[in-house]
Each structure stands twice: as structure tokens, then as C-alpha cells.
1. Which residues, taken from the range 97-128, are within 17 Å of His13 (Cβ to Cβ) and not in a strand (DSSP E or B)?
2. Given the options Ala116, Ala148, name the one that is within 16 Å of ligand 1 (Cβ to nearest atom) and closer than 30 Å to Asp54 by Cβ.
3. Mind checking whether some residue in the range 139-155 is over 23 Å from Gln36 (Cα atoms), open to solvent by less than 60 Å² (accessible area, probe 1.4 Å), away from ligand 2 (no atom under 16 Å from the Cβ) and among the small types (Gly, Ala, Ser)?
4. For a quick check of your reading of the model, give me the residue pairs whose first member lies in the range 102-127 and is under 13 Å from Gly156 (Cα atoms), whose second is within 16 Å of ligand 1 (Cβ to nearest atom) and open to solvent by 40 Å² or more (accessible area, probe 1.4 Å), with beta-carbon atoms closer than 6 Å and at least 6 apart or on different chains.
5. Would you say Lys89 is modelled with pLDDT under 95 and either more than 21 Å from Leu217 (Cα to Cα) or of a type in the set (Val, Ile, Thr) (or both)?
6. Among the residues of the range 127-138, which ones are more than 16 Å from ligand 1 (Cβ to nearest atom) and surrounded by 19 or more Cβ atoms within 10 Å (Cβ to Cβ)?
7. In this structure, does Ile87 turn out to be touching a residue at least 12 places away in the same chain (Cβ under 8 Å) and either away from ligand 3 (no atom under 16 Å from the Cβ) or of a type in the set (Ser, Thr, Tyr) (or both)?
8. When you check Phe163 against the structure, is it open to solvent by less than 10 Å² (accessible area, probe 1.4 Å), within 19 Å of Val71 (Cβ to Cβ) and out of contact with any Pro (no Cβ under 9 Å at 6 or more places or on another chain), yes or no?
Amino acid sequence: MAASKKDPLIGAHMSISGGVHNAIKSGDALNCRALQIFTKNSNQWKAKVLTEEDIEKFTQAREASSIRAYVGHVGYLINVASPREDIYKKSVASLTDEIIRADRLGLHDLVMHPGAHLKEGEEYALRKISDSLNRIIDATPDITTRLALETTAGQGTNVGYKFEHIAEMIDMVENKARLSVCFDTCHTFAAGYELRNKKDFNATFRKFDEIIGLEYLTVFHVNDSKKPFASRVDRHEHLGEGELGLEPFKFLMQDKRFASIPKILETPKGDDQKANDSRNLDILRSFAK
Ligand code: FE
Ligand code: FE
Ligand code: ZN
């Protein structure tokens, strides 16, 4: 049975409001095979403890679900490159807590934005992030959830908008088995990697392979971009309604190398979340055939 073609590994980021298990229900309602969640409120430092009951409900929903790929995304306040000592300390503590939460939920990858240096320079950021990751990984030896470094648009002082940045961080982390990479189509395009025709799409992934290594690629964020090529601005758009158009998503869905990598929408939810996600998922499904 050609399961991977008929049943592509696609899904969306879903809300955990009312409990982590609710995200699975939302994913199931849209016939998703992949899911991304925050493990806590993404705009606060504080996190409500995940109770045994929360885990139990999540596990039960999971057993009944057709979703096969489970990804987490860390909160937005975390910046393990911060030169501000208070923010840095909170960020390391929060990321450590998040990876433990993700592991308890059985998420295979926890996506993080590498960090922003706030004018201290990119080399400073890359060293500080790698140092933080080494500390966090050492402090959580029994965990299997990988930390997935996300390619960024390079907005403000964020690093991660060049494949070289990602490669350099991986290089400086000792336990590389604990790391992976998330390729966000909107971010990477806004960072200046072309995806809009087959030749350039292939060239971009050839570069990714040469500089980082395709073996690290475990998650796709599938978003169109409101902002132009190389704008270094991060604004997601519905598939086909932004600067990327539909072609890159066709290439992505039809590339055999990526068949087993989860592809997750982070497109605008709008007033009717279900209708918006459903429309974008249908576009991806139509390309998988
Ligand atoms: Fe992200
Ligand atoms: Fe993303
Ligand atoms: Zn983004």
C-alpha cells in the first residue's frame, strides 16, 4: 500500500487550550497525520505543571488517533543567546523545563528558534546558544526528544538565517544525536534561499545538505511568505497567497526524500481556524497525489 502518497505526513500547529489532549482532537478533526503543539503558554515564563492526568489524557487521545508525528514548539520568550543575564538564566531554565515536558508527552522533536544577540554579534550568539544547548543536554541525560533548530528569516538580530549558522551550532554541540533541524519554508525564503522553481529548490536543498546535512532535517514548517524574497522579515501567509506561490509546496510534497518528514502548517488561523487549516491541508493533499 502506497501509504506515504495517499496518506501524507501533514498537519498543523494546534492550540492546547483546555488541555494538551485537545490539540489531538483538533488534528483528528482535520484528518491530520502530523501535529505541532506548544507544551505550555507560549507568551509566559510560568508553566502550569503537567499532571499525570494531563499525560494520561494525551496518551489516550494519541492511541485513538491517526496522527503519527508529534512535534513541540518552545515558547516565544526563550532566548538562550541573550546577553542579559536575567533573561539568559530564565531562558535556560525554561528550555530545560520544556524539553522535559516534551519528552513526557512523547514528542519526537521540540522546535526552537536559535536566538537573538541584541547587538552583541552573530559569533557571540552562536557560541552562547551552543554553550546553552550543551548545558541543557547534559542536565537532561535520559531524554529522547530532539531539539530542532529552526531556520529563521533573520529578522532583527536573530541568527539561524544562514545554513552556516545552523551548521556551526551543531558543530559546537557535543551530543549531536540530541539535535535536529526544522526547515521553515517562509523563513528560509525570506532569509534569501530561493524555492520558487525546481532548479533553485533543488539547489537550496543541495546547499542544505552540503552545509548542514539532510540527515538532520526532521521537521518542515510549511508556510507561504507575506514578505518578499530575502526581505529578512517573518510573516506567514496561506499557501499560494504569498510571495512563494504554490509551486514550492508541490515540489516539497512530491520529493521522495521528504516523504517521511512531518510537514506542519503555521499559516494564519483567522476567524475560522478549521476552514483555514482545512483549505491549506487540501492543497498539500492535492500535491501528494
Ligand atoms: Fe518557529
Ligand atoms: Fe516555523
Ligand atoms: Zn515564522
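The values are calculated or read from the model by the stated rules, or taken from the named source; none is laboratory data. Since the structure is predicted, the reported quantities are computational estimates derived from the model, not experimental observations. Cβ sites come from the backbone with ideal geometry, for glycine too, and all protein chains shown count toward neighbours. When the accessible area is computed, the model is the full protein with side chains, heavy atoms only, and any ligands, DNA or RNA have been set aside. Shrake-Rupley method; radii C 1.70, N 1.55, O 1.52, S 1.80 Å.
1. The answer is Glu98, Arg101, Ala102, Leu105, Leu107, His108, His113.
2. One residue alone meets the criteria, Ala148.
3. No: zero hits.
4. Ala116/Gly156; Ala116/Asn158
5. no
6. Of everything in the range 127-138, those that are more than 16 Å from ligand 1 (Cβ to nearest atom) and surrounded by 19 or more Cβ atoms within 10 Å (Cβ to Cβ) turn out to be Lys128, Ser130, Ser132, Leu133, Ile136, Ile137.
7. Against the criterion (touching a residue at least 12 places away in the same chain (Cβ under 8 Å) and either away from ligand 3 (no atom under 16 Å from the Cβ) or of a type in the set (Ser, Thr, Tyr) (or both)), Ile87 does not qualify.
8. No; evaluated as a whole, the condition is false for this residue.
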